[in-house]
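Read the structure below first, then the notes.
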Amino acid sequence: MATRTDAPTRREQILKEAARLFAERGFHGVGVDEIGAAVGISGPGLYRHFPGKDAMLAELLVGISGQLLTGGKRRVAEAQGGAEGLLDSLIEGHIDFALDDRPLITLHDRELDRLRDSDRKLVRQLQRQYVELWVEVVREVYPGLAEPTARSAVHSVFGLLNSTPHLGRPGSLPGRAATAELLHRMARGAFEAAGA
């Protein structure tokens, strides 16, 4: 979900490759030597950047939850065009995450329970705040929706958007723009159905 155009730092390269490898083979199926090789450094060289694989996993999952929340808050602060436009903007931001960070979705689904309790609680806290941000916007667009229904609708839309790792290999999708447009229409359709 990064919007920077700078070259990634070594630390960012390590995290990206760790996410990819963990998603492909599972957290315990990947060693530090493999992660190091993927970024061109020795396995032990990783310890200059991270104390171990657990720290990488925590930074990946806490980090993406924090980025989603920060991005959502930024979209709210910069909103123009009322609640409808804001909802579209939130959907677009989440679609960018769902298409560009697919390994993190797989990683979250499979490995969240491997985090220390404090890190897992932080992930859940950040996610709840992100959901509540959406709930508020959805209820502005569909004022007849009760709060629990709006919350269920938001979770359902997240499930739809976060299904991207199951859509097939990246090359098998109809193209990023077409996939993003389809996901956007489906998300809005789900909210319309909830608000009907």
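The values are calculated or read from the model by the stated rules, or taken from the named source; none is laboratory data. Everything quoted here is computed from the prediction, not taken from an experiment. Cβ atoms come from the backbone with ideal geometry, glycine included; neighbour counts cover every protein chain shown. All accessible areas refer to the heavy atoms of the entire protein, side chains included, with ligands and DNA or RNA removed. Shrake-Rupley method; radii C 1.70, N 1.55, O 1.52, S 1.80 Å.
From the list Glu59, Glu78, pick out the single residue that is open to solvent by 20 Å² or more (accessible area, probe 1.4 Å), of a type in the set (Asp, Glu) and under 13 Å from Lys16 (Cβ atoms).
It is Glu59.
Looking at Leu46, Leu68, which one is surrounded by 16 or more Cβ atoms within 10 Å (Cβ to Cβ), more than 20 Å from the chain's Cα centre (by Cα) and in a helix (DSSP H, G or I)? Quick ask: steps written out before the conclusion?
Working: Leu68 fails: more than 20 Å from the chain's Cα centre (by Cα).
Sole residue among the options that is surrounded by 16 or more Cβ atoms within 10 Å (Cβ to Cβ), more than 20 Å from the chain's Cα centre (by Cα) and in a helix (DSSP H, G or I): Leu46.
Restricting attention to the range 171-196, and to residues there that are in a loop (DSSP other than H, G, I, E, B) and surrounded by fewer than 13 Cβ atoms within 10 Å (Cβ to Cβ), which single residue is modelled with the highest pLDDT?
Going residue by residue through the range 171-196, those that are in a loop (DSSP other than H, G, I, E, B) are 173-175, 196.
Narrowing the set further to residues that are surrounded by fewer than 13 Cβ atoms within 10 Å (Cβ to Cβ) leaves 174-175, 196.
On the way: Pro174: 79, Gly175: 86, Ala196: 77.
It comes out as Gly175.
Six or more apart or on different chains, Cβ atoms under 6 Å: show the pairs whose first residue is in the range 44-65 and of a type in the set (Ser, Thr, Tyr) and whose second is open to solvent by 40 Å² or more (accessible area, probe 1.4 Å).
Hits for this filter: Ser65/Gln127.
Test Gly189 against the stated conditions and say whether it is without any contact (Cβ under 8 Å) to a residue 24 or more places away in the chain and closer than 16 Å to Ile91 by Cβ.
Criteria met by Gly189.
Within the range 71-86, can you find the residues that are touching a helix residue (DSSP H, G or I) at 6+ places or on another chain (Cβ under 6 Å), part of a helix (DSSP H, G or I) and without any contact (Cβ under 8 Å) to a residue 40 or more places away in the chain?
Selection gives Arg75 alone.
Suppose we filter Thr106, Thr149 for residues that are among the β-branched types (Val, Ile, Thr) and farther than 18 Å from Val62 by Cβ; which single one remains?
Only one candidate passes the filter, namely Thr149.
Consider Gly85 carefully, then state whether it is within 30 Å of Glu136 (Cβ to Cβ) and open to solvent by 40 Å² or more (accessible area, probe 1.4 Å).
Considered against the rule, which asks whether it is within 30 Å of Glu136 (Cβ to Cβ) and open to solvent by 40 Å² or more (accessible area, probe 1.4 Å), Gly85 comes out as no.
What single numbered condition from (1) at pLDDT below 95; (2) under 23 Å from the mean Cα position of the chain (by Cα) fails to hold for Glu59?
(1)
Identify, by number, the condition in (1) open to solvent by less than 40 Å² (accessible area, probe 1.4 Å); (2) more than 29 Å from Arg124 (Cβ to Cβ) that Gly26 doesn't meet.
If we test Gly26 against (1) open to solvent by less than 40 Å² (accessible area, probe 1.4 Å); (2) more than 29 Å from Arg124 (Cβ to Cβ), just (2) comes out false.
Between a residue in the range 19-30 that is within 15 Å of Asp101 (Cβ to Cβ) and any residue that is open to solvent by 10 Å² or more (accessible area, probe 1.4 Å) and of a type in the set (S, T, N, Q), which pairs come within a Cβ distance under 9 Å, given they are 6 or more apart or on different chains?
Ala19/Thr106; Phe22/Thr106; Ala23/Thr106; Glu24/Thr106
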